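The values are calculated or read from the model by the stated rules, or taken from the named source; none is laboratory data. Source: prediction; values computed, not measured. Here the Cβ positions follow ideal geometry from the backbone for every residue, glycine too, while neighbour counts run over all protein chains shown.
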Amino acid sequence: MTKLFFIGWICMLTCLCVTAQTKQPVADTTATTDSIIVTPTEDGLKFSSHLRPLLQIAGAPEPFYTYFWEFGDGHFSFEKEPTHSFLNNAEYDVRLFATNHYDDGKRPPVKSRPVRGAKSKKSALASVTPKNYFSDNQQLFIRNNADPKPGEDMVCVLGYKFDTNLSLGDSLKGTLALFFNEKEFKADNFSLSDVRQYGNESNSDEKALLAIADQRLIYEPSWQMMASRGPDATMFEDAGTYKRDESFTTLLKEKISLFRNSKVFKVQSTAGQVNNLFFQLQTTPEMIKDTNATVVVTAVFIPDDPMLGAEITDLEMQIVASHDPNKMKASRNLLNYRWVSKNRKMKYTVHFQNTGKGPARRIELQTQIPPYINKQTLRVINQYPECPPCAVAAPGRSCLDTIIKNDTAFFIFKNIYLPGTTQDGINDTDSTKGFVQFEANFIQKVPKKTFTGRTAIIFDKNPPIITNVSRTRFAPGLSPGIIAGYYTNNLSIDKALGQKLKQIQGKQQVVLGASLSVYSSYKPYLQGEFFLRYQPQQSITSNSSRPTSDYIVYNGRDYKVLEQRNEVQVHALYNDVAGMLRYSLNNYVGVETGIMASYLVSGNTKQQNEYLLEGPNGTSHMRFDSLITTQKQSFSNLQPGFVAGIYLGRVRSGPSIGLRYLHYLQQPATRFFLYATWKL
C-alpha cells in the first residue's frame, strides 16, 4: 500500500511538471527586456543596463553598444557603467540612450527610471565628478549622443559656463541659443520634442539675442609715444579704446539666416559653474534621404557683459543609414558650382574606432581621393591620436605618415596606443576613437558631376573595414540667358489678319528673348524660353482696273469705276514660348529639341480704298477714298509646333550661336531660326 502511495505521488508530480512546462511560453530572443540597474557604492550610485543581445551583421565587425546617460540633475556620462553622486536624496529621472553599432536590429528604446539620489560616502574631494568637455578658455560646447538616423531620436547636449577668470561666485547673465533645420534643405530634418534644463534658464527670442549682440565691444589698441629716454629709447603707452564689435553681429546674422528654427534662453549662473541643457530632437519623416549628407546645428552664447567673450559653435552631423563608427564624410555634400575654382578647398574627415579587445598600435587609412581633387595640394590639418609627421619624429616614436599613390592617400599611424571598446578597464568610448582630417584644392577645371570617396581602415594586421561612400554633388543652380535672332523668309502661317498680313509675316523678323535653365549642366536639361517679335507698321498697295460695267453709288448718283487702288496697313506683336530639352555633347557643341507655341499678343490692320470714278455720261472724273475695314485682335491665333537644332560656342555657360528648324502643326509651314545667346 505504501509502495502504491509513493508511486501515485510521483505520477502526480510528473503530470504537474509536464503541465507547467507545456504552459510556459517559448522565450522570444527579440523581445525587449531592456532595463536600468542601479547599485549603491561608496562613490554614489553605479548605473548599468540590461539590453537585448546584439545580432551581428554578416561580414561586419563585432557589434557593440555605446551609451549616453542623463542623470536628471543636469549631468551626463558616455560611459558604459558610470558612477554618479547626487547632491541630495531627492528623486531623479535617469535616462539611458543606447546606440547599437554593426547590429542587425532596431535601436533599443530610450529607457528611464526614477532613482532616489545618494551622495558619495567619501569626502567631497574624493567623490566622482563629471568629465570636463570644455577646452581651454571655452565657454560653450555642444555634443550629440549619436549621428542622426531617419526614424530615430537623438540628444544634443549644450553646455555653457561664464569665464572662470572672473571671481568665482559672481552672478552673471547672458543669452543662449540653438539653431537647427537649415534652409538649405526643403523640409525640416528635426522636430524638437523636449528641452530639459536644470539652471536658471528662461525662454527668450532671436530679437533679444540680436539686441545683446549689438552691445558687444572689442578693444582696439593704439600706441602713442610718451617721452624720449635717450636717442635710441622711447616709451609708449596704450591709448586704445573699445568699439562695437560689428564683425560678431554680422557673423551672427549670417548664421541666423541659414536656419528656420531656433530655441533661445536667457541664462543666469555663477562664474565657473557648468550648466547643461538637453535638446531631444526627433528626426522627421521628411529628413533628407541622402545618408551621406551633413546637417549642422549652431549654438550661440553671449554674456550680457559686453567685455566678456561670446562664442558661436557649429556641430556637424552626418545623416547615417546605420550607426557605424568607422566612416568618411565631406565638409559639404552640396556645393555651388559657380564658386568652385582651383583655389576652393574641399575638406574630408575619416573617423575610426577600435572595437577590439586590445589596443591598436598601427592604424592605416587607405583613402580613395576623388578624381577632381588636386592631390598635390592635400595636407593633414588635424588628427587624433595627436602625433607629429613621421618625417620629423624621432625613430620609434609615435607619428603619422602620409603617402599619396595614384588616386589613394595612405594615412598611417605608427607606434600609437588606441584602446579597444571591449578592452578590460575601458569605460570611456571616446578614448577608443580617432580621426584624420585633411583638405585639398579642386583641380582647375572641375566638371559638374557628382564625385565620391571612401576609406579602408586597417587596425594592426586585421582585415580592412570599408567605410561608407562619401558623396558630393553640385546644386543645380539657375542660369538666366538672353537670346537674339531672326526668322528666315518662309511662308508664315499667320492668318488672323488676312492674306496681306501673311505676306508681311513671311519676311525676315528680328526677335529678342530670354531663357532660364540649370547652370552649366553636364546632363540633359530643360530650358524655358520667352520671345517677343514686333512687326512694325507696313503698307501694301495694289492697283486694279474695274470692268466698265462696275458702278458704285455716291451722293445718290451712279458713278462708273475706272480704277481701284487698295492700301493695307498692318502692325502686330507676337509672343513665342518654347520648352527645350538640351544636351551639351562637350564644352563646345550641343543639340536640342522641344516644343514651341506662337500667339498674337496684339495686332491690327486697316484697308484704305481709293477709286477713280467717271460721272454720268462721262461728264467728269473724280477721286473717292473710303476706309473699308478696320480689324483688331489680341491673344489669339495659337500656333503650336516642334523644334530641333544645334548650337556651338561656350555651350555650358557663356556665348554661343545656334540654328533651329521649326515646323508648325496647323499648316505644313516651316521656318529656320538663327540666333545668338549668352547664358549667365
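Looking at region 428-474, which of its residues are outside any strand (DSSP E or B), under 30 Å from residue 520 (Cβ atoms) and touching a Phe, Trp or Tyr at 6+ places or on another chain (Cβ under 7 Å)? Write out each step before concluding.
Initially, region 428-474 is screened for residues outside any strand (DSSP E or B), giving 429-432, 443-450, 454, 460-464, 467-469.
Add one more test, that the residue is under 30 Å from residue 520 (Cβ atoms), and what stays is 443-450, 454, 468-469.
Result: 443, 446, 447, 448, 449.
Report yes if some residue within region 378-385 is surrounded by fewer than 16 Cβ atoms within 10 Å (Cβ to Cβ), out of contact with any helix residue (DSSP H, G or I) (no Cβ under 6 Å at 6 or more places or on another chain) and over 18 Å from residue 437 (Cβ atoms); otherwise report no.
The answer is no, given that none of the residues of region 378-385 is surrounded by fewer than 16 Cβ atoms within 10 Å (Cβ to Cβ), out of contact with any helix residue (DSSP H, G or I) (no Cβ under 6 Å at 6 or more places or on another chain) and over 18 Å from residue 437 (Cβ atoms).
Kindly establish whether residue 465 is crowded, with 17+ Cβ neighbours inside 10 Å and of a type in the set (A, V, I, L, M). I'd like the intermediate steps shown before the answer.
On the way: crowded, with 17+ Cβ neighbours inside 10 Å: yes; of a type in the set (A, V, I, L, M): yes.
So residue 465 passes the test.
Please find, among 414, 405, 445, the residue that is farther than 21 Å from residue 361 by Cβ and either among the aromatic types (Phe, Trp, Tyr) or modelled with pLDDT of 90 or more (or both). Quick ask: steps written out before the conclusion?
Working: 414 fails: farther than 21 Å from residue 361 by Cβ; 445 fails: either among the aromatic types (Phe, Trp, Tyr) or modelled with pLDDT of 90 or more (or both).
When all the criteria are applied, what remains is 405.
Report whether or not residue 422 is of a type outside the set (Lys, Arg), touching a residue at least 12 places away in the same chain (Cβ under 8 Å), not assigned by TED's automatic domain parsing to the domain that holds residue 101 and not in a loop (DSSP other than H, G, I, E, B). Walk me through it before giving the result.
Values: of a type outside the set (Lys, Arg): yes; touching a residue at least 12 places away in the same chain (Cβ under 8 Å): yes; not assigned by TED's automatic domain parsing to the domain that holds residue 101: yes; not in a loop (DSSP other than H, G, I, E, B): no.
So residue 422 does not fit the description; no.
Residue check: is residue 421 out of contact with any Asp or Glu (no Cβ under 7 Å at 6 or more places or on another chain) and at pLDDT below 90? Break it down stepwise before answering.
On the way: out of contact with any Asp or Glu (no Cβ under 7 Å at 6 or more places or on another chain): yes; at pLDDT below 90: yes.
Criteria met by residue 421.
How about region 355-397: which of its residues are within 20 Å of residue 407 (Cα to Cα) and free of Cβ contacts under 8 Å to residues at least 12 places away in the same chain? Before the answer, list the steps.
In the first step, residues of region 355-397 are kept if they are within 20 Å of residue 407 (Cα to Cα); the result is 363-381.
Listed by number, the list holds a single entry, 376.
Could you list, in sequence order, all residues of region 97-111 that are touching a residue at least 60 places away in the same chain (Cβ under 8 Å) and exposed (fewer than 13 other Cβ atoms within 10 Å of the Cβ)?
Once the filter is applied, which keeps residues that are touching a residue at least 60 places away in the same chain (Cβ under 8 Å) and exposed (fewer than 13 other Cβ atoms within 10 Å of the Cβ), region 97-111 yields only 109.
Condition first: modelled with pLDDT under 85, surrounded by 12 or more Cβ atoms within 10 Å (Cβ to Cβ) and small (Gly, Ala, Ser). Now tell me which residues in region 36-64 satisfy that.
60
For residue 292, are the conditions met, namely being at pLDDT 85 or above and either assigned by TED's automatic domain parsing to the domain that holds residue 69 or polar (S, T, N, Q) (or both)? Can you show your working first?
Working: at pLDDT 85 or above: no; either assigned by TED's automatic domain parsing to the domain that holds residue 69 or polar (S, T, N, Q) (or both): yes.
Considered against the rule, which asks whether it is at pLDDT 85 or above and either assigned by TED's automatic domain parsing to the domain that holds residue 69 or polar (S, T, N, Q) (or both), residue 292 comes out as no.
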